[in-house]
Every structure is written in C-alpha cells, then in structure tokens.
Amino acid sequence: MKLAAILLVTFLVATGCAAQPSENSDMAADEMATAGEYAGARYSNVVASLGAPESEEDFVMVWGELEFRIELRNFFDRDDIEAGKVILRESTWSLDGPQNLTVWFQQEGDMWAGVHSRLWEDGDLF
C-alpha cells in the first residue's frame, strides 16, 4: 500500500499533474487516502465513507501554527489568517494499522469542504 502511494505521488510530481477538487464521494476512501486527495470533499461524504472521526477540533487558524498544521498556510491569504477569518475543522481517522488520516475542512455556506489532508503514522513527530 505504501509503495503504491509513493509511486502515485512520484508520478504526479514528475508529470506536473495536480489533483482537482471534487464534490462527489464516488471514489473509495482507501483510494482517496492513497491519493491524499480530500480537497473539495464534503465533510458529510467523508464521514459517511470513513465513519465518525476519532478526534475533531474546530479552530481559528493563526499564522504561527505548529508544524503539523504548517502546510495550511499555503491555502489561505496571510491577511485573512491574521484577521482571524479562517475557521477550520480538523478531523482525524485511524486507518489500517498505525496509519491515520487528518483532513482539514473549511466552512462554505452550510457545509464544510475539504481543504487539505495528511496521512501519518502513530509515532510520527511533527
């Protein structure tokens, strides 16, 4: 599974192909996790696919986020972050073995849409 994920990421980087956000949940959860692609996914669809998250936190993003959340700065304007306008939901699921999936969602109207995701393993240091 890990080799397939590494090969997929290597292929995407090598070809310059960027995954496009999607609002549907037709892709199987393990395929989405392998591709690392939850951008645009509706919170309700992800929960329907993976079940209730093991942990969840809604928070106002700040510019000095810890390393685990540092990549989120790439998705928002610094002025909006510093003004406290970026409100996110961080949801984490335990997948196979020691593997975990964290997805960050931003509220858009009456729904939460995926912004970024990270696969990580128990014991990883951030």
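The values are calculated or read from the model by the stated rules, or taken from the named source; none is laboratory data. All figures in this text were calculated on a predicted structure; none of them were measured in a lab. Here the Cβ positions follow ideal geometry from the backbone for every residue, glycine too, while neighbour counts run over all protein chains shown.
The set of residues in the stretch 41-76 that are among the small types (Gly, Ala, Ser) and at pLDDT below 90 contains only Gly64. For the stretch 70-94, taking the residues that are aliphatic (A, V, I, L, M) and surrounded by fewer than 16 Cβ atoms within 10 Å (Cβ to Cβ), the one that is farthest from Glu54 (Cα to Cα) is identified as Ala83. For the stretch 100-126, the set of residues classified as outside any loop (DSSP other than H, G, I, E, B) and touching a residue at least 60 places away in the same chain (Cβ under 8 Å) consists of Leu101, Val103, Phe105, Met111, Trp112, Ala113, Gly114, Val115, His116, Ser117, Arg118, Leu119, listed by residue number. Considering the stretch 95-116, and only residues there that are on the phi < 0 side of the Ramachandran plot and loosely packed, with under 15 Cβ neighbours inside 10 Å, the residue that is farthest from the chain's Cα centre (by Cα) turns out to be Asp110.
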